[in-house]
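What follows is a short report on a single structure.
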Amino acid sequence: MTITPARPTGARTLLPITPVTRHGSRSHLTCQYRCGNACDQPVPNPTDNPDFHVVAERALARRSLLKIGAGAGALTVTGLASGAPLAAAAVAGRTAGTWRFEPVAPNNRDRVTVPRGFRADVLISWGDAVEKGAPRFDVDNQTPEAAAKQFGYNNDYVGVLPHPEDRRGGVLVTNHEYTDEQLMFPTGRYDSATIKRIAMASHGMSVVELVRGSKAGSWNVQKLRKTTLNRRLHVGSQFQLVGPAAGDERLRTAADETGREVLGTFNNCAGGLTPWGTVLSGEENFNGYFDASGPLDARYTASYARYGISGTGRGWNEVDERFDLAVEPHEPFRHGWIVELDPYDPDSTPRKHTMLGRMKHEGANVTIADNGKVVVYMGDDERFDYIYRFVSAGTYDPSGTRRARRRNLRLLTTGTLSVARFDGDGLDDERYDGSGTWIPLASDTESFVEGFSVADVLIDTRLAADQVAPTKMDRPEDIEVNPVNGRVYCALTNNANRDTPEETDEANPLFQSQTRPSLGAPLVTQGGNRNGYVLEMTPGNDNHAGRDFFWSLMLVCGDPAAPETYFAGFPKEQVSPISCPDNVAFDPEGNLWISTDGNVLGSNDGLFRVPVRGPERGRVQQFATVPFGAECCGPFIHPDGKSVFLAPQHPGETNGATFETPSSTWPNREGFPRPSVVVVYER
Ligand code: FEO
Ligand code: CA
Ligand code: CA
């Protein structure tokens with residue numbers, strides 16, 4: 001497959017190169033619970049890594065077809081590498097890529113709003129039974145034991161894999177990023193320790209069997225008695241550390257002298273599917289889970305600081321002392337990894353891949369390079385942090401046999417981890433674009449960073465990357481390969497702190513931007529990149545495993561009326577306002593779908609479809625808005641193109657909201673909000 005040229009053709013709007021404009025809608029609750037008020041903390045990256053302005057030659061690249069070898073080895077599905085099929089030919093009839101719809105207008109409704117002609121069904125909600133034996137959800141009688149068998153809180157990543165035995169079935173995998181205790185628990189009903197234990201059990205991941213509904217595109221949760229794969233992973237579940245750093249001294253604790261056996265995963269944000277039918281899940285703001293009853297271990301001052309580990313957590317040390325840094329200084333090193341879960345084997349121990357580095361992993365998405373190497377793209381979601389790539393040492397075996405799958409399951413343990421540098425080519429071309437370089441940090445056998453061992457690079461990845469002058473980005477979130485055109489798309493969500501011209505570079509060009517305090521209010525100028533960008537990367541000659549790439553900012557997000565915005569040159573009067581891109585997905589035609597988190601234009605967050613080629617390239621259309629106070633997680637476009645899954649997270653998470661005084665009651669079955677996964681399809 002030839003990767004198509006990045007630049008649009010024909011008469012199109014040029015990028016307004018004059019940066020304008022400052023602030024944001026995230027509630028204090030979101031900031032506190034999800035990322036420990038990261039924005040109020042010092043920027044964790046203190047380096048002065050420069051931006052470079054180098055022009056390199058644009059080249060085309062090629063990529064291969066992929067196959068999934070899943071489950072019992074009997075199932076082979078073409079093109080699920082990143083959760084979407086590779087070719088439109090694989091689908092029939094109207095699909096998410098060809099759906100015609102009137103864009104949803106910005107709004108503050110407490111519901112999922114989709115265009116006329118579409119229907120949004122709630123599939124599963126916080127508290128619904130996942131594992132057999134789970135009691136019926138009762139908000140007044142929650143227990144840690146029940147929560148460990150029920151659907152967790154704050155669903156984020158969504159992936160749907162083929163069912164290994166049932167052709168009408170599917171396997172839903174979701175992350176449960178964090179908990180909002182003041183919205184989950186009636187005031188005064190539970191003691192502090194019980195709240196913490198329930199919260200710990202409500203983090204993690206869920207595996208839920210689905211079955212197609214009677215209407216095309218609809219899905220239902222499979223009856224519990226018929227399931228064999230359903231599973232809940234939480235803070236008490238067993239995980240295995242694998243790869244070159246496993247067993248390192250820093251990964252050993254009093255409870256685990258091997259440095260290889262970890263309990264729990266938490267703050268799992270986005271993720272991706274592998275071609276061999278597993279799910280990768282990013283442990284993101286793990287730093288905010290550790291308190292300190294005494295002084296911090298001086299050996300780890302630099303590391304703790306670079307990851308924002310301050311000793312201010314969620315009080316979990318009250319019920320488990322491994323979350324007390326003064327007692328167990330190594331516990332934080334056992335988190336911040338990419339988790340690989342095999343949903344087809346409910347007895348498998350999920351693994352944390354040290355070869356993929358330790359950072360605030362937004363997620364991880366896989367493609368196969370032309371040479372058969374497995375390539376994983378990853379964003380470190382922090383202001384002024386970096387984009388990473390892993391290339392495997394071994395090659396992917398697409399044969400779909402059990403033996404091939406066993407081999408493929410080892411591919412992420414050996415290879416090379418690199419970090420990205422973005423070199424602008426100047427603004428004379430009226431575009432934010434240029435070339436880029438993958439700078440190697442370490443292979444499984446060799447460190448390329450002076451003064452750092454392989455384990456140092458993998459455990460203190462941020463500190464190692466700081467040494468090689470990568471480009472400091474505006475919060476790199478989801479990064480994923482478009483299976484149709486082979487290009488890489490990354491959501492750079494925002495960065496209010498990049499607010500002087502001196503702090504900008506061509507890949508991160510704004511130090512001012514325009515926001516809207518509320519729906520219908522005039523635009524106001526604020527410092528910083530408030531609405532975010534969508535970055536498009538085209539691999540160079542050597543394909544996804546090569547050293548070089550080309551890049552451009554395909555979208556400079558915001559209100560079309562704001563002068564700094566840019567929609568790949570598409571006429572601005574014809575696009576939907578979009579703010580704070582977070583997650584990306586692709587439909588069978590290769591259109592980009594973008595979900596948002598933290599809209600600063602007065603509207604609820606939502607989901608958008610954007611063509612990336614032809615005359616419609618850059619035509620941003622809003623497909624959905626999520627309930628009041630929620631962010632739009634997911635999304636996942638089913639490979640058949642008939643269903644769009646999204647995961648409204650933290651509905652009602654607004655300043656001052658409590659269980660008794662919620663600002664959202666979605667999905668409106670009770671008087672309090674319940675984060676839920678939704679499937680959207682044509683009526
Ligand atoms: Fe959990 Fe980067 O958002
Ligand atoms: Ca340029
Ligand atoms: Ca996210």
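Some points to look at:
- Among the candidates Gly357, Gly336, residue that is surrounded by 24 or more Cβ atoms within 10 Å (Cβ to Cβ), within 16 Å of ligand 3 (Cβ to nearest atom) and among the small types (Gly, Ala, Ser): Gly336
- Residue in the stretch 647-663 that is of a type in the set (A, V, I, L, M, F, W, C), closer than 18 Å to Ser576 by Cβ, open to solvent by less than 10 Å² (accessible area, probe 1.4 Å) and outside any loop (DSSP other than H, G, I, E, B) present: no
- Taken over the stretch 570-591, the criterion of being over 10 Å from Val610 (Cβ atoms) and part of a loop (DSSP other than H, G, I, E, B) is satisfied by Pro571, Pro577, Ser579, Cys580, Asp587, Pro588, Glu589, Gly590.
- Selected residue [closer than 23 Å to Val130 by Cα and either among the hydroxyl-bearing types (Ser, Thr, Tyr) or at pLDDT 95 or above (or both)] from Phe659, Phe636: Phe636
- Within the stretch 607-635, residues that are over 18 Å from Val556 (Cβ atoms) sit with their Cβ atoms under 7 Å from residues that are among the acidic types (Asp, Glu) and surrounded by fewer than 24 Cβ atoms within 10 Å (Cβ to Cβ), at 6+ positions apart or across chains, in these pairs: Pro627/Asp110; Phe628/Asp110.
- All positions within the stretch 148-167 that are open to solvent by 10 Å² or more (accessible area, probe 1.4 Å) and of a type outside the set (D, E, K, R): Ala148, Gln150, Tyr157, Pro162, His163, Pro164
- Among the residues making up the stretch 518-546, those that are farther than 24 Å from Gly598 by Cβ and touching a Gly at 6+ places or on another chain (Cβ under 7 Å) are Pro539, Gly540, Gly546.
- Checked against the criterion of being within 14 Å of Thr227 (Cα to Cα) and hydrophobic (A, V, I, L, M, F, W, C), the candidates Val130, Val158 yield just one match: Val130.
- Complete set of residues in the stretch 247-257 that are open to solvent by 10 Å² or more (accessible area, probe 1.4 Å) and touching a helix residue (DSSP H, G or I) at 6+ places or on another chain (Cβ under 7 Å): Asp248, Arg250, Thr253, Ala255
- Check on Val488, away from ligand 3 (no atom under 16 Å from the Cβ) and open to solvent by less than 30 Å² (accessible area, probe 1.4 Å): yes
- Verdict on Leu241 being aliphatic (A, V, I, L, M), surrounded by fewer than 22 Cβ atoms within 10 Å (Cβ to Cβ) and over 17 Å from Ala647 (Cβ atoms): no
- Subset of the stretch 381-435 that is within 20 Å of Gln467 (Cβ to Cβ) and polar (S, T, N, Q) - its residue that is farthest from ligand 3 (Cβ to nearest atom): Thr416
- Considering Ile479, Ile459, the condition of being among the β-branched types (Val, Ile, Thr), open to solvent by less than 20 Å² (accessible area, probe 1.4 Å), within 16 Å of ligand 1 (Cβ to nearest atom) and within 21 Å of the chain's Cα centre (by Cα) is satisfied by Ile479 alone.
- Matching residues in the stretch 219-272 - criterion: being closer than 26 Å to Arg475 by Cβ and hydrophobic (A, V, I, L, M, F, W, C): Val235, Ala245, Phe266, Cys269, Ala270
- Looking across the stretch 399-449, just one residue is open to solvent by 60 Å² or more (accessible area, probe 1.4 Å) and in contact with a Lys or Arg (Cβ under 9 Å, 6 or more places away or on another chain), and that is Ser399.
- Elements of the type strands (runs of 3 or more DSSP E) sitting completely within the stretch 73-192 and holding at least 3 residues that are at pLDDT 95 or above: these cover 118-125, 155-162, 169-176.
- Test set (1) farther than 22 Å from Leu458 by Cα; (2) outside any loop (DSSP other than H, G, I, E, B) - Met378 fails condition number: (1)
- Pairs where the first residue, in the stretch 578-596, is on the phi > 0 side of the Ramachandran plot and buried (at least 24 other Cβ atoms within 10 Å of the Cβ) and the second is of a type in the set (Ser, Thr, Tyr) and part of a loop (DSSP other than H, G, I, E, B), C-beta under 6 Å, 6+ apart: Cys580/Thr493
- Scanning the stretch 636-646 for any residue that is over 17 Å from Gly97 (Cβ atoms) and touching a Phe, Trp or Tyr at 6+ places or on another chain (Cβ under 8 Å) turns up nothing.
The values are calculated or read from the model by the stated rules, or taken from the named source; none is laboratory data. Treat the numbers as computed from the prediction; the structure is a model and nothing was measured. Because the Cβ atoms are built from the backbone with ideal geometry, glycine has one as well, and the counts that use them run over all protein chains shown. Remember, those area values only see protein heavy atoms, side chains included, never the ligands or the DNA or RNA. Shrake-Rupley method; radii C 1.70, N 1.55, O 1.52, S 1.80 Å.
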